[in-house]
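The values are calculated or read from the model by the stated rules, or taken from the named source; none is laboratory data. In this text, all values refer to a predicted model and were calculated from it rather than measured experimentally. Cβ atoms come from the backbone with ideal geometry, glycine included; neighbour counts cover every protein chain shown.
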């Protein structure tokens, strides 16, 4: 089963790679044959999962709002590496030691993060997997507590994986690749409307997710142990890349809605609900995108919020950092330009042959005319 799934996945990736390309305006975008590129970066990852009770007639709206629980893993700044070979990109986030770039002495969360992507001029694909274990949590009545073992739960785990399919409407002039992945060069400033279709799975789980201090506000969800979601999401928005002498400032803002099936697990029961989450994505970056060397800073955020009768959940994944990269490339011309050049060459050869034939005929006529005059 796993082998068949892997083969299907590779087939899908290959298919996306084949259709992702398209004609570009060479006045705006410089494409090249991406032989190899490597990017190293320092990154600060943020993740939060929020549960809020609602529509409980036994308490006021403010009391329910104050019972909101925020779960956060503690992950010090980490490092990562991204490789791009022949247009296929993959990134892995890691840490050298548990104390890497951290002097707080707080309990660290375990995490795993992997991403891969394929970006063309018209279409793009992103796949990801993120896993967090050991969380801090807080709620308003617990604000006086610092981050210590009293509001730390080593049992909580949250993980998610999914795929994003991008549609770029002005791919001839705006390169999403150059703006957010730096494997194409944006020669002139441009922007484009975009649309993203996403498939996503995520869950948060523990033996007991709701702290004793706020259990009374959660009604039938007082013993919640797991919230699992399967979602189809649709984003739409605008992206841009402002460039000047290989320096760039890029950004994108998208918002949308989706449909989500939600499973709530308890010690002896399970509830199933349908929700329509509101979602948003934001990306920005600034840096230098040269032919061989590229560097810059970036920030990304993904937000999702869904609501049912008894509780509301919200999730945000964010990151920001700095990167430096190098690549071995060979400039290429788009198919349209190559076809035009081939056509011009063929026409030039045809005209040259035609002219040579006409010159030959003219020379024959002139020779006959000169012979006639001599007679």
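Within region 321-333, is even one residue touching a helix residue (DSSP H, G or I) at 6+ places or on another chain (Cβ under 8 Å), surrounded by fewer than 19 Cβ atoms within 10 Å (Cβ to Cβ) and closer than 21 Å to residue 178 by Cβ?
yes
Does residue 72 count as modelled with pLDDT of 90 or more and more than 21 Å from the chain's Cα centre (by Cα)?
Yes, satisfied.
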- Subset of region 271-285, residues within 30 Å of residue 218 (Cα to Cα), free of Cβ contacts under 8 Å to residues at least 40 places away in the same chain and within 19 Å of the chain's Cα centre (by Cα), comes to 278
- Filtered residues of region 296-312 (kept if closer than 20 Å to residue 45 by Cα and crowded, with 17+ Cβ neighbours inside 10 Å): 296, 298, 300, 302, 303, 304
- Note on the structure: Of (1) more than 30 Å from residue 228 (Cα to Cα); (2) more than 25 Å from the chain's Cα centre (by Cα), residue 87 satisfies every one except (2)
- Message: Any residue at all in region 9-17 that's at pLDDT below 90, surrounded by 14 or more Cβ atoms within 10 Å (Cβ to Cβ) and part of a loop (DSSP other than H, G, I, E, B)?
- Response: no
- Identity of the residue in region 207-227, touching a residue at least 60 places away in the same chain (Cβ under 8 Å) and within 31 Å of the chain's Cα centre (by Cα), that ends up farthest from residue 154 (Cα to Cα): 227
- Mind checking whether some residue in region 302-316 is farther than 30 Å from residue 53 by Cα and under 20 Å from the mean Cα position of the chain (by Cα)? no
- Task: Kindly provide the set of residues from region 148-171 that are in a loop (DSSP other than H, G, I, E, B) and either buried (at least 16 other Cβ atoms within 10 Å of the Cβ) or modelled with pLDDT of 85 or more (or both), ordered by number.
- Result: 169, 170, 171
- Sort out which residues of region 241-270 are touching a residue at least 24 places away in the same chain (Cβ under 8 Å), more than 30 Å from residue 168 (Cα to Cα) and out of contact with any helix residue (DSSP H, G or I) (no Cβ under 7 Å at 6 or more places or on another chain), and write them in order of number. 262, 263, 265, 266, 267
- Query: For region 59-84, which residues satisfy the criterion of being farther than 20 Å from residue 318 by Cα and touching a strand residue (DSSP E or B) at 6+ places or on another chain (Cβ under 6 Å)?
  - Reply: 64, 67, 68, 83, 84
- Query: For region 27-92, list the strands (runs of 3 or more DSSP E) that sit wholly inside it and hold at least 1 residues that are in contact (Cβ under 8 Å) with a residue 12 or more places away in the chain and more than 27 Å from residue 209 (Cα to Cα); which are they?
  - Reply: 32-53, 78-85
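Each row is one residue, and each column tells you yes or no for (1) closer than 23 Å to residue 131 by Cβ; (2) in contact with a strand residue (DSSP E or B) (Cβ under 9 Å, 6 or more places away or on another chain).
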site	(1), (2)
174	no, yes
180	no, yes
184	no, yes
190	no, yes
193	no, yes
202	yes, yes
213	no, no
219	no, yes
